[in-house]
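Visitor: Structure incoming, see below.
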Amino acid sequence: MYIKYINIKKYYLHFCILLLLFFAFENIISQNNYPQDYFASPMDIPLILSGNFGELRPYHFHAGIDIKTEGKTGKKIYSIADGYISRIKVSPWGYGKTLYIDHPNGYTSVYAHLMNYNDTLENFVKNAQYKAKSFSIELFPDPDDFMIKKGELIGISGNTGHSGGPHLHFEIRKTKSEHPVNTMLFNFNITDNIKPEIHNLYIYPIDSKSMVNEKNEKEKVPVYGKNGRYRVPAHKTISLSGNIGFGLELTDYQDLTNNKFGIYSIELKIDSTIVYYMELNEFSYNETRYINSYMDFEEYLKHNARIHKTYIEPNNKLSIYKETINRGIFSFITDSMYDITFTVKDVYSNTSILNFSTRRDTITSDSLNYDNTDSLLNETVATDNEISSETNTSSGQAIKTMPYQLAHYFDNKDIIIIIPKDALYDTINFTYSRTAINTGMYSDIHHIHNRYTPLHKDYTLSIKTDSLTEYLTEKALIACIGTKRIKYAGGEIKDGYITAEIREFGDYAIVVDTVPPKIKPLNIKKNANLANSGRIDIKITDDLSGINTYSGYIDNNWVLFEYEPKKNLITYTFDNMVNKNGELHDFKLIVTDLKNNRSEYITTFYY
């Protein structure tokens, strides 16, 4: 019996060891479960980046890497592996000319801002554009239509769409989920031996009972150091009380370039306990707008500072958070010293550490009841299907508590605001006021909360006006009123109101757009000979609502003009629609804006 007991004990010990080894091995595998030698480079030049995966961009995380093309267009782009063309998209916006290739290993590669596709694809796309009579087009070929081999030429690099300069935007996505994956996890030949830099520490009181150095307001603390070791100034005392969140202003760099990059992971430990951990392996396009809550939105708008908050607002549903306690909010309620350590890494494991100590601020009464689960603003409890509509008005300003869990309806003399459920990241004390009509406006200016509070979803804004004629009603729109200019926000007449779906809080009023777009020919005029130029260039602009449609015709036949909004330029490159025989041709261009104002340009030319 004793021998059996020993054997069972030995068996149990062996089992525990094997179990530990299994979990250790599983952890190693999970960190290296991306193919390391499957994909080739998409270019035949060194991969030097101007942007990396997960960078904080306006309203989205950067979903790929931006590869420099030596400051010019025209570089060859190759397929990184065998596969087939699954999608082709052409747009004047976003990714411009884009190509998607599905690969047998479950990944899709994406090549964006291209100038051209290869000859076969270029002809296929152009035929589809002529058939649809549209420059913008999206195509989904069958798998057998365009089989591609690893290293095959698929296109030429460009600067199309929302591109700030010539480069290749390159992504790898999971084919099934379409989630973009951190491209640098696939062992492309990118050199990076530089540790991230930590510039500033931000400390946030989460509720009205919390204090940072005896104040209930956010504080910015400069950070000093180099070579991966950082500290706060020696003379700087940091005393905290109540529910506190933190944030870091960070920059990463890579070898061979001076560009700034985003980071891969952030860990926050307080007294050796991991309070917060974030890691950027992949995300969903459906969640990328949560970046508004991930970073300090106010600091971004005011100072163009990209602050990584290390606490999570209640309606922030990002999947990049891997390990947190109380959403990264720590309650400093015990009179003691606290050791705080931030560990920041890039995807190549270059590591920087910020360490400092803080004490609890004892000026706050111990009788205050700190709630570890939510902020003061979140104390309103409501059911998911409830709609909040109560309003209090004081001194001309309407104030209303809006719990983040609810949809909200606000009605205050000539204005209706409907905020859908899950549009707010946290509960807010909503404010509203108005000022009198300015010259050129057809309503009061409505001050809707403040533009520093981000939204995850559009809300419906309806503004009533009694000063519009029937003609002007069709030209009316809601505009965002800035200090230097007004910006089109949309709007159509509905039930006596001008109604639009609005993305941001701010100042709004009704204006009208009766001015048609402007057409400025650049190289065409009456009876011009275009035989040597080989194309027609025309500049089109609109002063308010923006270009909606444009259509060019030669001898009454629609021709393909490519649109480059960055330059307000449309270009037709002569193709087989026009024979080069020296004959006189008729030309007509029709341009409309979003309020149906229309301009025409008519002339003749020789080609």
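The values are calculated or read from the model by the stated rules, or taken from the named source; none is laboratory data. Here the structure is a predicted model, which is why all the values come from computation and not from measurement. Cβ: placed from backbone, ideal geometry, glycine included. Neighbour counts: every protein chain shown.
Visitor: For region 542-589, enumerate the residues that are charged (D, E, K, R) and over 17 Å from Gln129 (Cα atoms).
Guide: Residues satisfying the conditions are Asp542, Asp543, Asp555, Lys566, Lys567, Lys580, Glu583, Asp586, Lys588.
Visitor: Of the residues in region 320-351, how many are among the hydroxyl-bearing types (Ser, Thr, Tyr) and crowded, with 20+ Cβ neighbours inside 10 Å?
Guide: 0
Visitor: Please find, within region 99-112, the residue that is nearest to Phe188 (Cα to Cα) out of those that are crowded, with 20+ Cβ neighbours inside 10 Å and touching a residue at least 60 places away in the same chain (Cβ under 8 Å).
Guide: Ser109
Visitor: State whether the residues of region 234-248 include one that is free of Cβ contacts under 8 Å to residues at least 12 places away in the same chain and at negative phi.
Guide: Checking region 234-248: at least one residue is free of Cβ contacts under 8 Å to residues at least 12 places away in the same chain and at negative phi.
Visitor: Anything in region 297-315 that is out of contact with any strand residue (DSSP E or B) (no Cβ under 8 Å at 6 or more places or on another chain) and buried (at least 20 other Cβ atoms within 10 Å of the Cβ)? List them, or say none.
Guide: Phe297, Glu313
Visitor: Picking from Tyr432, Tyr471, which residue would you name as being surrounded by fewer than 16 Cβ atoms within 10 Å (Cβ to Cβ), of a type in the set (Phe, Trp, Tyr) and outside any loop (DSSP other than H, G, I, E, B)?
Guide: Tyr471
Visitor: Could I ask something else about it? Please specify each residue of region 28-66 satisfying the condition of being hydrophobic (A, V, I, L, M, F, W, C) and closer than 30 Å to Asp144 by Cβ.
Guide: Phe39, Ala40, Met43, Ala63 - these are the residues of region 28-66 that are hydrophobic (A, V, I, L, M, F, W, C) and closer than 30 Å to Asp144 by Cβ.
Visitor: Let me ask you something else. Return the total of residues in region 128-144 being surrounded by fewer than 13 Cβ atoms within 10 Å (Cβ to Cβ) and either among the polar types (S, T, N, Q) or farther than 27 Å from Tyr550 by Cβ (or both).
Guide: Here the count works out to 4.
Visitor: Please specify each residue of region 406-429 satisfying the condition of being touching a His at 6+ places or on another chain (Cβ under 6 Å) and surrounded by fewer than 16 Cβ atoms within 10 Å (Cβ to Cβ).
Guide: Result: no residue meets the conditions.
Visitor: Can you pull out the residues in region 453-482 that are of a type in the set (Lys, Arg) and under 23 Å from Asp422 (Cα atoms)?
Guide: Lys457
Visitor: Which members of region 542-567 meet the condition of being outside any loop (DSSP other than H, G, I, E, B) and of a type in the set (S, T, N, Q)?
Guide: Scanning region 542-567 gives Asn548, Thr549, Ser551, Asn557.
Visitor: In region 482-502, which residues are among the β-branched types (Val, Ile, Thr) and modelled with pLDDT of 95 or more?
Guide: Matches in region 482-502: Ile498, Thr499, Ile502.
Visitor: Same structure again: Considering Ile540, Ile524, Ile547, Ile519, which residue is surrounded by fewer than 19 Cβ atoms within 10 Å (Cβ to Cβ), β-branched (Val, Ile, Thr), closer than 17 Å to Phe587 by Cα and at pLDDT 95 or above?
Guide: When all the criteria are applied, what remains is Ile519.
Visitor: How many residues, within region 568-607, are in a strand (DSSP E or B) and within 23 Å of Tyr488 (Cβ to Cβ)?
Guide: Within region 568-607, residues that are in a strand (DSSP E or B) and within 23 Å of Tyr488 (Cβ to Cβ) number 10.
Visitor: Name the residue that is nearest to Gly165 (Cα to Cα), counting only residues in region 569-589 that are surrounded by 16 or more Cβ atoms within 10 Å (Cβ to Cβ) and within 38 Å of the chain's Cα centre (by Cα).
Guide: Leu569
Visitor: A further question follows. Taking the stated definitions as given, is Glu26 modelled with pLDDT under 95, outside the structural domain of Glu504 (by TED's automatic domain parsing) and charged (D, E, K, R)?
Guide: For Glu26, the condition - modelled with pLDDT under 95, outside the structural domain of Glu504 (by TED's automatic domain parsing) and charged (D, E, K, R) - is met.
Visitor: Same structure, new question: Between residues in region 77-92 that are under 23 Å from Ser136 (Cβ atoms) and without any contact (Cβ under 8 Å) to a residue 12 or more places away in the chain and residues that are in a loop (DSSP other than H, G, I, E, B) and aliphatic (A, V, I, L, M), which pairs lie under 8 Å by C-beta distance while being six or more apart or on different chains?
Guide: The qualifying pairs do not exist here.
Visitor: How many residues are out of contact with any helix residue (DSSP H, G or I) (no Cβ under 9 Å at 6 or more places or on another chain) and closer than 23 Å to Asn597 by Cβ when one looks only at region 547-561?
Guide: Selection size over region 547-561: 7.
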